[in-house]
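*Asks:* Sharing a structure here in structure tokens format.
The values are calculated or read from the model by the stated rules, or taken from the named source; none is laboratory data. Fair warning: this is a prediction, and the values are worked out from it, not measured in the lab. FYI the Cβ positions are ideal-geometry reconstructions off the backbone, even for glycines, and counts take in every protein chain you see.
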Amino acid sequence: MVVHTPDAASRIDARQNRVAIVRAVRDLVAVKGAAVSIREIADSAGVGTATLYRHFEGKKDLLDGVSVHRWSQMRHAAQTNSSTEQEGHGIRRVVGIIDMYTRMTTSDAEFIHALGLRVGHDPTGIGPLRDQFDPIFAQLWVNGQERGEIRRTAHPHDAIEMAGAIRESSRRLQMLTLLVAGIATPQVDPDQIVRELYLRAK
């Protein structure tokens with residue numbers, strides 16, 4: 001049984017509030033555009049405006065918060081994959097992270113479209129997260145190359161950029177398979193890897 005101290009419970013509540021606010025921003029902007037009000041966002045998240053302002057300085061910070069949250073999850077996924085011992089230390093770990101990114105970008109597609117964001121849009125808060133994510137992901141990539149599963153000519157940054165361009169949920173798996181085929185060596189079956197990910201997520 002896990003017993004949370006008051007401070008720990010407060011931190012958990014704060015994290016939950018922040019996630020609720022980010023989701024509210026994403027969903028409301030997708031429908032109403034950037035003109036959505038702070039009050040509407042707070043109401044949708046189930047928090048007061050004072051709580052919202054404890055997490056975000058203003059509208060721009062709120063809008064950027066969706067991308068920052070996405071990269072916070074990416075950093076966590078990379079750190080988890082690099083610190084656990086499991087089968088598929090090579091390309092499967094790399095593709096698992098890419099798959100996660102495509103799931104997030106397709107979920108955020110209407111938000112991205114409403115704001116007119118382009119691939120490569122990097123709010124200030126993303127920098128430190130990318131600085132932590134990139135070397136971990138690069139090492140996972142090298143591991144895949146050393147196992148003969150990832151092409152020597154393929155680059156991890158290109159794979160992430162291409163994954164970020166996948167926005168149509170109905171074509172996500174097809175496009176992910178094409179992406180994997182582009183980075184994988186002939187010994188790897190891209191269809192099988194993507195199919196395994198799909199079945200695991202069901």
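*Asks:* Search the range 122-172 for residues being among the aliphatic types (A, V, I, L, M) and surrounded by fewer than 17 Cβ atoms within 10 Å (Cβ to Cβ), and hand back the single one that is farthest from Ile112 (Cα to Cα).
*Replies:* Filtering the range 122-172 down to residues among the aliphatic types (A, V, I, L, M) leaves 126, 129, 136, 138, 140, 142, 150, 154, 159-160, 162-163, 165-166.
Now narrow it down to the ones that are surrounded by fewer than 17 Cβ atoms within 10 Å (Cβ to Cβ): 138, 142, 154, 165.
Details: Ala138: 26, Val142: 31, Ala154: 27, Ala165: 11 Å.
It comes out as Val142.
*Asks:* Among residues belonging to the range 110-119 that are within 26 Å of Leu197 (Cα to Cα) and modelled with pLDDT under 90, point out the one that is surrounded by the fewest Cβ atoms within 10 Å (Cβ to Cβ). Working first, answer last.
*Replies:* First pass over the range 110-119, keeping only residues within 26 Å of Leu197 (Cα to Cα): 110-112, 119.
Still in the running and modelled with pLDDT under 90: 112, 119.
Values: Ile112: 22, Val119: 14.
Only one residue tops the list, namely Val119.
*Asks:* Return yes or no: is Arg200 among the charged types (D, E, K, R), within 23 Å of Arg70 (Cα to Cα) and under 16 Å from the mean Cα position of the chain (by Cα)?
*Replies:* Details: among the charged types (D, E, K, R): yes; within 23 Å of Arg70 (Cα to Cα): yes; under 16 Å from the mean Cα position of the chain (by Cα): no.
Criteria not met by Arg200.
*Asks:* I'm checking my understanding of the structure. Among residues of the range 165-198 that are of a type outside the set (A, V, I, L, M) and in contact with a Gly (Cβ under 8 Å, 6 or more places away or on another chain), which one is modelled with the highest pLDDT?
*Replies:* Looking at residues that are of a type outside the set (A, V, I, L, M) and in contact with a Gly (Cβ under 8 Å, 6 or more places away or on another chain), I get Thr185.
*Asks:* Taking the range 182-202 on its own, how many of its residues are surrounded by fewer than 18 Cβ atoms within 10 Å (Cβ to Cβ) and not hydroxyl-bearing (Ser, Thr, Tyr)?
*Replies:* The total comes to 12.
*Asks:* Kindly indicate whether Arg130 is in a helix (DSSP H, G or I) and in the same structural domain as Asp99 (by TED's automatic domain parsing). Steps first, answer last, please.
*Replies:* Values: in a helix (DSSP H, G or I): yes; in the same structural domain as Asp99 (by TED's automatic domain parsing): yes.
So Arg130 passes the test.
*Asks:* Follow-up. Kindly evaluate Arg54 against the criterion of being within 21 Å of Met100 (Cα to Cα) and part of a helix (DSSP H, G or I).
*Replies:* Working: within 21 Å of Met100 (Cα to Cα): no; part of a helix (DSSP H, G or I): yes.
The answer is no for Arg54.
*Asks:* From the list Ala24, Ala35, pick out the single residue that is in a loop (DSSP other than H, G, I, E, B), free of Cβ contacts under 8 Å to residues at least 24 places away in the same chain and not assigned by TED's automatic domain parsing to the domain that holds Asp108.
*Replies:* On the way: Ala24 fails: in a loop (DSSP other than H, G, I, E, B).
From the options Ala24, Ala35, the qualifying one is Ala35.
*Asks:* Based on this model, can you work out whether Gly125 counts as touching a residue at least 60 places away in the same chain (Cβ under 8 Å), under 28 Å from Leu28 (Cα atoms) and not hydrophobic (A, V, I, L, M, F, W, C)? Spell out how you get there, then give the answer.
*Replies:* On the way: touching a residue at least 60 places away in the same chain (Cβ under 8 Å): yes; under 28 Å from Leu28 (Cα atoms): yes; not hydrophobic (A, V, I, L, M, F, W, C): yes.
Criteria met by Gly125.
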